[in-house]
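Participant: Okay, here's the structure, questions in a sec.
The values are calculated or read from the model by the stated rules, or taken from the named source; none is laboratory data. Computed from a predicted structure; not experimentally measured. A quick note on method: Cβ atoms are made from the backbone with ideal geometry, for glycine too, and the neighbour counts reach across all protein chains shown. The protein model used for the area step is the full one, side chains on, heavy atoms only, and it has no ligands, DNA or RNA in it. Shrake-Rupley method; radii C 1.70, N 1.55, O 1.52, S 1.80 Å.
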Amino acid sequence: VYAWQLEALAFFDHVLHGTDNGYAAQPAVRYWVEGADAYAGAPDFPPPQAATRRLYLASGGADADIHHLRAQPGEGENRWAAVPLGLPILGGFDEVANQVLAFEFTADRPMTLAGPVSLNLSFSSNEIDSHLVARLSRIGPDGRSHLLSLGAMCPARRRRDAARDTACEIVHDTSVREPLVPGEPVDLA
């Protein structure tokens, strides 16, 4: 039995059956701490003691190289030709970098990451539309990747709906289509 299953059982026992099992005395917000394999509690989320940490994308050189996340803004930009998955590679594209850019951050001290994750970047394309997927993962000591956050968007549907944004989520009005102008950067969140 997994810990989250026991937590769910305690919730249902308390709410549906009125069992006094200590569930009501728990903090208002409880969240799973990946890597520690335990729950943590707080009166709100993100936890009040959390500090915002801003990291900047920094080019590591060629597109296929590993890039870095830095505490200070970096220099450089990366460009690549994105070939849709499943499309045969045509002549002349043998030298094209993979359509994935990877950025890494090595923690210099133990840390707990909690709260919302957002990505802001300047994006341009020579087409009127594209798709982006951003994934944040933790690499464990065994080398295995553990997904922490995932987001996807269509840059042509980039308009934010600030009235619906929350502390933990950026909301886009996907009913509004604003095609990209080839070569003209737009800011994405």
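Participant: What number of residues in the range 48-59 are surrounded by 10 or more Cβ atoms within 10 Å (Cβ to Cβ) and over 18 Å from residue 107 (Cβ atoms)?
Facilitator: 1
Participant: Within the group 135, 109, which residue is of a type outside the set (S, T, N, Q) and modelled with pLDDT of 85 or more?
Facilitator: Checking each option against the conditions leaves just 135.
Participant: Name the residue, out of 56, 39, that is of a type in the set (Phe, Trp, Tyr) and at pLDDT 85 or above.
Facilitator: 56
Participant: For the range 164-189, enumerate the residues that are at pLDDT 90 or above, assigned to a strand (DSSP E or B) and surrounded by fewer than 13 Cβ atoms within 10 Å (Cβ to Cβ).
Facilitator: 187
Participant: Now for a separate question. Report yes if some residue within the range 63-74 is open to solvent by less than 60 Å² (accessible area, probe 1.4 Å), free of Cβ contacts under 8 Å to residues at least 40 places away in the same chain, over 21 Å from the mean Cα position of the chain (by Cα) and under 27 Å from residue 144 (Cβ atoms); otherwise report no.
Facilitator: No: the range 63-74 contains no residue that is open to solvent by less than 60 Å² (accessible area, probe 1.4 Å), free of Cβ contacts under 8 Å to residues at least 40 places away in the same chain, over 21 Å from the mean Cα position of the chain (by Cα) and under 27 Å from residue 144 (Cβ atoms).
Participant: Considering only the range 16-34, how many residues are open to solvent by less than 40 Å² (accessible area, probe 1.4 Å), modelled with pLDDT of 85 or more and at negative phi?
Facilitator: Number satisfying all stated conditions: 1.
Participant: May I ask you to say which residue of 52, 19 is farther than 30 Å from residue 103 by Cβ and β-branched (Val, Ile, Thr)?
Facilitator: 19
Participant: Pull up the range 35-47, narrow it to residues that are under 20 Å from residue 169 (Cα atoms) and under 21 Å from the mean Cα position of the chain (by Cα), then point me to the one that is most open to solvent (accessible area, probe 1.4 Å).
Facilitator: Among those residues, the one meeting the criterion is 44.
Participant: If you go through the range 103-124, how many residues are out of contact with any helix residue (DSSP H, G or I) (no Cβ under 7 Å at 6 or more places or on another chain) and in contact (Cβ under 8 Å) with a residue 24 or more places away in the chain?
Facilitator: Qualifying residue count for the region: 15.
Participant: Restricting attention to the range 150-163, and to residues there that are among the small types (Gly, Ala, Ser) and open to solvent by less than 40 Å² (accessible area, probe 1.4 Å), which single residue is nearest to residue 114 (Cα to Cα)?
Facilitator: 151
Participant: Here is a further query. Would you mind stating whether residue 129 is surrounded by 13 or more Cβ atoms within 10 Å (Cβ to Cβ) and in contact with a helix residue (DSSP H, G or I) (Cβ under 8 Å, 6 or more places away or on another chain)?
Facilitator: yes
Participant: Six or more apart or on different chains, Cβ atoms under 8 Å: show the pairs whose first residue is in the range 160-178 and among the basic types (Lys, Arg) and whose second is surrounded by 11 or more Cβ atoms within 10 Å (Cβ to Cβ) and part of a loop (DSSP other than H, G, I, E, B).
Facilitator: 160/170; 160/171; 160/173; 160/189; 164/171
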